[in-house]
Amino acid sequence: MMSKLTRRNFLGAAAVMAGGLTGLQNVVGAELHGADRSKSDPGPSNPALDGQNPDSMWPPSTDSKSLVQNFKYPFSFANKRTYEGGWSREVTIRELPVSKTLAGVNMRLTAGGVRELHWHTSAEWAIMLYGNARITAIDADGKSFVADTKKYDLWFFPSGIPHSIQGLSPDGAEFMLVFDDGNFSESETVLLSDSMAHLPREVLSKNFGVGEQAFVNLPKQELFIFQTDVPGGLAADQKTAAGSLGKSPKDFAFRTMEMPPTKQTKGGEVRIVDSKNFKVTTTAMAMVTVHPGGMRELHWHPNADEWQYYIAGKGRMTVVATGNKARTMDFQEGDVGYVEKTLLHYIENTGDTDLVFLEMFKSDRYQDLSFSEWLAHTPPELVMAHLKIDKATFDAIPKNGAVVTPLT
């Protein structure tokens, strides 16, 4: 049976096809005659997964043999909880053990589909990925909040704040929820339906001032997600919900795309949203777009671990850890990545379309340190002695950080 070509040899074979069959036979022949048998993989394989993970299949020589802990988990591997009205799936420390500080829940609601009234023991940060949804909440003073959200809008509900989410016309919504505890599971939520089902009817009667018979049709089990009618106009809901206490002065939503990029270069852009511009949040975000051929520069975060979600495109990331360890992994849309606090890393666009991803932090403030900026502001002779580089190379290092390369 013919040995499999490595990725590099396959690309070489493809390149010489234009030169005719003889050239291709030479490449294959060299492989079969043992030119580099250590770079072959003739046994069973999963070609689809191998193709998505070339830097695990054949790692760069700069990776270490003793690996950094796995820092990737695809949402495609996560089990969906399906309901009439939508679905949810999650990636927690159970799926990705390195992810100790944050967990993610991906959720879809149909038009009219409701994520039932509930609250969490953890804070909930969210970004809309598709469609439109209406969110409701009350603040700590009992004042109401109702808002409609669209693609890339955010919301944030502190722990204990009760809220709901409902998909709007024409096709509901899909969104990513991020919770500030890696152990958090969406199944461990305080739900309205479940709470009512576990309270004696005489207690409910006394609490709400109605007869026990009023509760005869209460759900016998949690709703979690359920289908109902599409809500009416936003203004009517806002007025009705406000009641005697009025509207909340706090804005639990943020319109990400209405703000200009925080930093922008020829290589891409970054929008940073934290408590400086989204007052209620204790979770910080950087939404990064890297154009083809560009790279999110080498950097690290001194104040928090980084939880990533890849929205579009393809990329690769190397994480350099203590103890002479490094590992490179590939990412595509729907994947979760994770980088522990202070570890050096980059994210490179390896596709031919924009790479878009989130950097999330369990912190109310975003912080990063640029590798190039560090070197540029260290005495030149010291850096040149370390790296064996000349003055011209040192002078070329960006002085104010690149964020996304290339700069111009």
- [ ] For the stretch 223-262, enumerate the residues that are in a strand (DSSP E or B) and over 21 Å from the mean Cα position of the chain (by Cα).
- [x] Ile225, Phe226, Gln227, Lys247
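With respect to Leu245, is the statement that it is at pLDDT 95 or above and either open to solvent by less than 20 Å² (accessible area, probe 1.4 Å) or within 21 Å of His118 (Cβ to Cβ) (or both) true? Break it down into steps so the answer makes sense when it comes.
Numbers: at pLDDT 95 or above: no; either open to solvent by less than 20 Å² (accessible area, probe 1.4 Å) or within 21 Å of His118 (Cβ to Cβ) (or both): yes.
No; evaluated as a whole, the condition is false for this residue.
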- [ ] For the stretch 127-136, enumerate the residues that are open to solvent by less than 10 Å² (accessible area, probe 1.4 Å) and touching a His at 6+ places or on another chain (Cβ under 9 Å).
- [x] Ile135
Task: Single residue of the stretch 182-199 satisfying the filter (farther than 13 Å from Thr121 by Cβ and of a type in the set (Gly, Ala, Ser)) that is surrounded by the most Cβ atoms within 10 Å (Cβ to Cβ) - done: Gly182
Task: Filtered residues of the stretch 263-283 (kept if over 21 Å from Leu177 (Cβ atoms), open to solvent by 70 Å² or more (accessible area, probe 1.4 Å) and not in a strand (DSSP E or B)) - done: Lys266, Lys276
Open item on the list: Going residue by residue through the stretch 81-92, is there one that turns out to be within 30 Å of Arg327 (Cα to Cα) and either of a type in the set (A, V, I, L, M, F, W, C) or open to solvent by 30 Å² or more (accessible area, probe 1.4 Å) (or both)?
Closed with: yes
Open item on the list: For the stretch 43-98: of the residues being more than 21 Å from the chain's Cα centre (by Cα) and in a strand (DSSP E or B), which is nearest to Gln227 (Cα to Cα)?
Closed with: Tyr83
Open item on the list: Take the residues in the stretch 159-179 that are open to solvent by less than 30 Å² (accessible area, probe 1.4 Å) and assigned to a loop (DSSP other than H, G, I, E, B); name whichever of them is farthest from Val91 (Cα to Cα).
Closed with: Leu168
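The values are calculated or read from the model by the stated rules, or taken from the named source; none is laboratory data. The shown structure was predicted, so the numbers you read here are calculated from the model rather than taken from an experiment. Note: ideal-geometry Cβ built from the backbone for every residue, glycine included; neighbour counts use all protein chains shown. Side chains are part of the model used for accessible areas, which takes the heavy atoms of the whole protein and leaves out ligands, DNA and RNA. Shrake-Rupley method; radii C 1.70, N 1.55, O 1.52, S 1.80 Å.
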